[in-house]
Amino acid sequence: MKATKRPRPVVTTDGDGVVSHAGSYLLVELADRVGLTAALSRELACLQRRRRAHDPGEVLRDLAVSIADGGDCLSDLTVLHNQPDLFGEVASVPTAWRVIDALSTDLDLAPVRQARAQARAHAWKHGVRPEHTTLDFDATLVTAHSEKQGAAGTYKRGFGFHPLLCSVSETDEILAGLLRPGNAGANHAGDHIRVLDAALEQLPPRAENDPPMLARADSAGATHGFLDALRERGILFSVGFDLTEPVRDAVLAISPDAWVPAITQDGDPRDGAAVCELHDLDSAPGPPLPGPSAGVSGPIPALSSPSPITTGFAFRCSSPTKLTPIWRRWRRVTAPTPGSRTASAAARRRGCATFSSDLRITALCHDDILERAMEALGFVAGALTTACWLPQVLRTIRTRSAADISWVYLGTLTVGIVAWVFYGVGRGDPAIIAANAATLGLVSGLSGLKLTLARGARSGIGVRTRGGGVG
């Protein structure tokens, strides 16, 4: 086996010339120091077919360094290969291709996962291990600009991939990932469970007195299959889900005295945010809430919202749920979805509900502003379509003639307007109701005027028109 012998660089301030990509050397050294390179070499020793071949572990290490250095394809390994004075003897692109091909053909990724787990355990043992472990689950879209294996259309009308990742929030380590086509479902419970199990295999064994782990996800993780899997593994969870009408009514019914100030993950006060507990919630009229499916007597679902809301206009929330007695250091239950970097305040009772601002005085969220703007647009449109009937009504009154308007037209229009009124009542849309109610009044008045003029014409009563003739 050919092992790479790298020279030991010396940092000086009086040398000549410039060494590019010198920072990547630190990544190579780090992989060697934490034991990742050695672990990969042990696990992939079966791929060694020639005595003088490059070490597969070192090849994978150099490929990882080239990606971290900005490379996006296997041929970018030449950046390291062309600097032997810094990185030593790096495998050529064809050699690296043969290692990747052998890994994908003869083995699965289990040896690589085991090597990564060994290196992480070594690093965490020497002080890198965080005090708490928060698992963040999130999917991302990767655009493919040409036909690629597994690429497909995405829900955002793009083309590419839709991988699902799990990371440790405290250290930003990527524990596990699942490559998926672009048309993969965002809320696929099976994919989340596969990534969860793969992520747990990457973590060192936990002691009995360790604080419980917390899993966080957006609304894609709000599935009973994924949350039941978290409960079976004894992991706390905080997931986002839609704020349905029963939940919203229950939140608005909470006494103002029940709300306490919210804090960030660092323990600092969070401006304009408050937290309270919400339990014994019956969500039967709407879709089931995330959390325990057995009922409210077990772990209690709770609510939060990472975006500002106003009274009665919240749209999203998350559900922190405890499965075991809360650890003494876990009195702050993280409430928002991954990336928002906030946490709720200490709970008073079981469960917790977090909102980004007080229910009585808040700023409107973006979705609420958009909804109100569309509602205002509906009123303006209704006013214009209603006002267009005023000239016809005034002309009929002025000329005392409605002969150019047929009864079939008026009857069909009246039935349609009445249907629109009932539709607006069913949807609870005030713009539709107001506009069509006003139009119905004008059309009804026009129909009554036409009926009066028709009766006058049958009785032989002449009406002098504006032009001086007799109608």
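Readers should treat all values here as calculations from the given coordinates under stated rules, not as data from a laboratory. Because the structure is a prediction, the values reported are computed rather than measured. Glycine also receives a Cβ, built like all others from the backbone with ideal geometry; neighbour counts cover every protein chain displayed.
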Q. Taking amide H positions as placed 1.01 Å from N in the peptide plane, with prolines and chain starts having none, which residues 5 or more places from Ala273, or on another chain, fall under 5 Å of its amide H?
A. Ala262
Q.
Cβ neighbours within 10 Å, averaged per peptide: list 427-436, 53-62, 70-79 in order, most packed at the top.
A. 53-62, 427-436, 70-79
Q: Can you tell me the order of 409-416, 252-259 when each peptide is scored by its average per-residue count of other Cβ atoms within 10 angstrom, highest first?
A: 409-416, 252-259
**Q.** Highest average packing first - 220-231, 127-138, Cβ atoms within 10 Å
**A.** 220-231, 127-138
Q) To two decimal places, what compactness ratio does segment 1-129 give when its Cα radius of gyration is scaled by 2.2 N^0.38 Å? A) 1.09
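With +1 on each Lys and Arg Cβ and -1 on each Asp and Glu Cβ, and nothing else charged, work out how big the dipole of segment 1-129 is about its Cα centre, in Debye to the nearest 20.
Its charge dipole is roughly 720 debye.
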Q: Please compute the net charge surrounding Gln118, taking Lys and Arg as +1 and Asp and Glu as -1 over other residues with Cβ under 15 Å from its Cβ.
A: +4
Q: Might you report the magnitude of the Cβ-based charge dipole of segment 366-458 about its Cα centre, with Lys and Arg at +1 and Asp and Glu at -1, to the nearest 20 debye?
A: 860
